[in-house]
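The values are calculated or read from the model by the stated rules, or taken from the named source; none is laboratory data. As the structure is a computational prediction, the values presented were derived from the model and not from experiment. Positions of Cβ are generated from backbone atoms using ideal geometry, with glycine treated the same way; all protein chains shown enter the neighbour counts. Only protein heavy atoms, including side chains, enter the accessible area calculation; ligands, DNA and RNA are left aside. Shrake-Rupley method; radii C 1.70, N 1.55, O 1.52, S 1.80 Å.
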Amino acid sequence: MGRQSGVYAVVIAVNYLAIILGVGAGLAALGLSYQLARVAAGGCEAAYMYAALRWVVFRDARPRAGSAHRTGM
């Protein structure tokens, strides 16, 4: 859990700085209405958080051989 906590903190910091502040404020500065800029930033945040949590933070969380986890078949 120690390594995942550090990586998670970095993911959250990047999310706040790049997505929430950067995309939201950037789109508003380009002339998009503030509400639409926030909605677009929210969509970007959702995609970023899913990808970062799935493939970066919890990348080692795989089912072990012999576990009861199904592979979707």
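Go through the range 1-13 and give me each residue that's under 13 Å from residue 57 (Cα atoms), without any contact (Cβ under 8 Å) to a residue 40 or more places away in the chain and open to solvent by less than 70 Å² (accessible area, probe 1.4 Å).
Of everything in the range 1-13, those that are under 13 Å from residue 57 (Cα atoms), without any contact (Cβ under 8 Å) to a residue 40 or more places away in the chain and open to solvent by less than 70 Å² (accessible area, probe 1.4 Å) turn out to be 2, 5, 6, 9, 12.
Residue by residue through the range 27-38, note down the ones that are surrounded by 14 or more Cβ atoms within 10 Å (Cβ to Cβ) and either in contact with a Ser or Thr (Cβ under 8 Å, 6 or more places away or on another chain) or part of a helix (DSSP H, G or I) (or both). Write out each step before concluding.
Taking the range 27-38 as the starting set, the residues that turn out to be surrounded by 14 or more Cβ atoms within 10 Å (Cβ to Cβ) are 27-28, 32, 37-38.
Hits for the range 27-38 are 27, 28, 37, 38.
Would you check which residues across the range 44-62 are farther than 20 Å from residue 2 by Cα and either at pLDDT below 90 or open to solvent by less than 40 Å² (accessible area, probe 1.4 Å) (or both) and list them? Spell out the reasoning first.
Restricting attention to the range 44-62, the residues satisfying the condition of being farther than 20 Å from residue 2 by Cα are 44-48, 50-51.
Answer for the range 44-62, where residues must be farther than 20 Å from residue 2 by Cα and either at pLDDT below 90 or open to solvent by less than 40 Å² (accessible area, probe 1.4 Å) (or both): just 51.
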